[in-house]
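One structure is given here, and the rest of the page talks about it.
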Amino acid sequence: MSLVTLLPFVVLIGAMFLMTRSAKKKQQAAADMRNQMQPGSGIRTIGGMYATVKEVNDDTILVDAGPGVELLFAKNAIGAVLTDDEYNRIVHGVEHDLKTDVVPDDASSLTETDESADEAAAASDDKPVDLGKKDEPADEAEPAAEAAEAKTDDEPKKTDGDSDAK
């Protein structure tokens, strides 16, 4: 057998190896995530239910889904272990304090001092910006029309051939 006939089989086996390797890595990462669960952690099940972990066993976990509601799930049914901020934002509607994470909307506030930024804002408020298309003034429109008429008078008129000349 020649190298050309063996090449497709080698490529196919290599692709299968790479696909199974990435799938195994994903499975291992999911198993590690599930093994790191502790009581008090917020979770999301593969069905989309949010709950708090109460008890972790070998193959199962006991979760608190609400006041007086305890559910027993298989560990494989856990889709994600959430951070405290994310769990509180989703379940309780508590937003993270964003005042420390504020990013300016434009780069000019990063390069200017506060005084010059205030002056620029005050100066820009004085003059409204008109983004519409502006019409030509009447003075400029008349010469353009006259030039067009003069041009048409200079050129000979074209006919379709059925004129008075015979």
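The values are calculated or read from the model by the stated rules, or taken from the named source; none is laboratory data. As the structure is a computational prediction, the values presented were derived from the model and not from experiment. All Cβ positions, glycine included, derive from the backbone under ideal geometry; neighbour counts span all protein chains shown. Side chains included, ligands, DNA and RNA excluded: accessible areas come from the protein's heavy atoms. Shrake-Rupley method; radii C 1.70, N 1.55, O 1.52, S 1.80 Å.
Output the residues belonging to the range 1-34 that are touching a residue at least 12 places away in the same chain (Cβ under 8 Å) and among the charged types (D, E, K, R). Hit for the range 1-34 is R34, nothing else.
For the range 61-78, filtering for residues that are farther than 14 Å from M33 by Cα and touching a helix residue (DSSP H, G or I) at 6+ places or on another chain (Cβ under 8 Å) leaves 0.
When every residue of the range 60-80 is checked against the conditions, at least one turns out to be charged (D, E, K, R), open to solvent by 80 Å² or more (accessible area, probe 1.4 Å) and without any contact (Cβ under 8 Å) to a residue 24 or more places away in the chain. The condition of being modelled with pLDDT of 60 or more and either more than 32 Å from the chain's Cα centre (by Cα) or surrounded by 13 or more Cβ atoms within 10 Å (Cβ to Cβ) (or both) holds for E119.
Considering only the range 23-42, I want to know if a residue exists there that is among the hydroxyl-bearing types (S, T, Y) and in contact with an Asp or Glu (Cβ under 8 Å, 6 or more places away or on another chain). No - not one qualifying residue is present in the range 23-42. Assess whether T20 counts as being in contact with a strand residue (DSSP E or B) (Cβ under 6 Å, 6 or more places away or on another chain), more than 24 Å from R89 (Cα to Cα) and not hydrophobic (A, V, I, L, M, F, W, C). Answer is no for this residue.
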